[in-house]
1. Among B:ARG39, A:ARG110, which comes first, then next, by fewest other beta-carbon atoms within 10 Å?
2. Evaluate the distance, in nm, between pseudo-label points positioned 7 Å from the Cα of B:VAL117 and of B:ALA28 along their respective Cα→Cβ axes.
3. Where both partners of a DSSP beta bridge lie in chain A, what percent of those bridges are antiparallel, to the nearest 5?
4. Express as a percent, rounded to the nearest 5, the fraction of DSSP beta bridges in the protein assembly as shown (both residues included) that run antiparallel.
5. Residue by residue through B:83-94, how many Cβ atoms from other chains fall within 10 Å of the Cβ on average?
6. In what sequence do B:SER47, A:SER131 fall when counting other Cβ within 10 Å, fewest first?
7. For B:ALA75 paired with A:HIS58, estimate the spin-label separation in nm (one decimal), with each label point 7 Å from Cα along the Cα-to-Cβ line.
8. Mind putting a number on the dipole of segment A:55-145 about its Cα centre? Charges go on the C-beta only, +1 for Lys and Arg and -1 for Asp and Glu, and I need it in Debye to the nearest 20.
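Each reported figure results from applying straightforward, stated rules to the coordinates on display, with no laboratory input. Quantities reported herein were computed from a predicted structural model and do not represent experimental measurements. Positions of Cβ are backbone-derived with ideal geometry, glycine not excepted, and every protein chain shown enters the neighbour counts.
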Amino acid sequence: MEFKPLTCDGKPKIRFLVVDDSIFARKNLCRLVQAFGGEVVGEAGDGVAAISQYDATHPDIVLMDITMPKMEGIEAVEHIVHDHPEACIVMVSSVGYQDNILSALQKGARHFIQKPVKPEALYEIIQYVLSDAAAQPQATGDVHS
Amino acid sequence: MKMDLIQPFVNSLDAVISETMGCTAQIADVTMDEGHYRRSGIAALVSVTGEIHGSVVLDMDNQAAQQAATDLAGAPDTPTEDAVREAVCELTNMVIGNAVTQLNDRGFKFKVHPPEVYATEEGQGGTKETETIVMRFETPKGTIYLNIAIRYNSRRARDSAAGVLTA
């Protein structure tokens with residue numbers, strides 16, 4: 001499947017931070033990011049590393065797992081959004097129950113998608129989040145499963 | 001073990017295998033395991049704690065595990081041993097994550113821990129408090145076993161015994 005390269009605000013490439021404790025899942029998400037015409041500027045395997053990677057790279061989009069060692073994704077979202085309210089974070093997790101989703105959105109995540117990820121669904125979500133962020137920098141999130 | 005605990009895992013495995021490997025998974029056999037579970041191929045374990053407590057092992061024979069790694073990577077190259085283990089962990093994460101989502105939305109509150117490679121030859125078995133059920137699924141790409149050793153925690157067990165919980 002081919003995707004039109006993602007763009008926003010005239011940027012040549014959308015910059016992504018990919019956070020997942022599974023190397024395999026990270027590789028797959030990175031492959032999708034490249035298929036979407038994006039650039040992976042950082043990877044992290046837990047919430048603590050995600051925070052430092054965010055500070056170092058200031059990505060346009062973060063793809064964030066929830067269940068991870070050291071610090072879970074929802075807690076990492078809270079830290080990142082506290083310091084960077086403009087952060088665009090999409091939760092990507094196999095665990096998609098209501099409490100988790102609501103908690104992630106309340107902490108500042110912009111969207112949620114459940115694994116296994118359908119590439120076209122993730123593409124649409126990223127497009128939506130980017131356009132929503134451009135129009136409304138601190139929008140509240142939505143859910144897609 | 002009540003069927004309302006098992007069914008979400010069956011549904012989830014079928015859906016995830018269909019989505020990621022593009023094939024069906026049919027239940028071929030179901031047994032109650034009183035001894036220790038012996039893995040047959042590459043396996044990963046996920047623990048759950050809370051109102052439902054225990055662990056679930058997803059075990060794929062070598063053919064199914066190799067094929068899962070190839071399908072999940074979306075590349076025809078022969079996967080390395082590490083890639084196969086990673087793929088089984090990720091598939092386990094998806095199957096159990098989707099199942100516990102269904103259980104949680106029915107009102108059971110619990111936490112899911114990250115998957116870990118299940119390397120021991122002998123591992124979890126049934127106990128006085130926790131029954132273990134082993135389901136064998138046949139797919140065109142190999143055999144998959146799902147070993148479920150979970151129980152309601154005390155409050156839920158009391159409610160269940162009193163007939164408060166329904167599927």
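1. Numbers: B:ARG39 21, A:ARG110 27.
With the fewest neighbours first, B:ARG39, A:ARG110 line up as B:ARG39, A:ARG110.
2. Label at B:VAL117, label at B:ALA28, 2.5 nm between them.
3. On the way: 0 of 17 bridges.
About 0 percent, rounded to the nearest 5.
4. Numbers: 36 of 53 bridges.
Antiparallel: roughly 70 percent of the beta bridges in the protein assembly as shown.
5. 5
6. On the way: B:SER47 17, A:SER131 11.
Fewest-to-most ranking of B:SER47, A:SER131: A:SER131, B:SER47.
7. Result for the modelled spin labels: 3.3 nm.
8. Numbers: 5 positive and 13 negative charges, 43 e Å.
Here segment A:55-145 has a charge dipole of around 200 debye.
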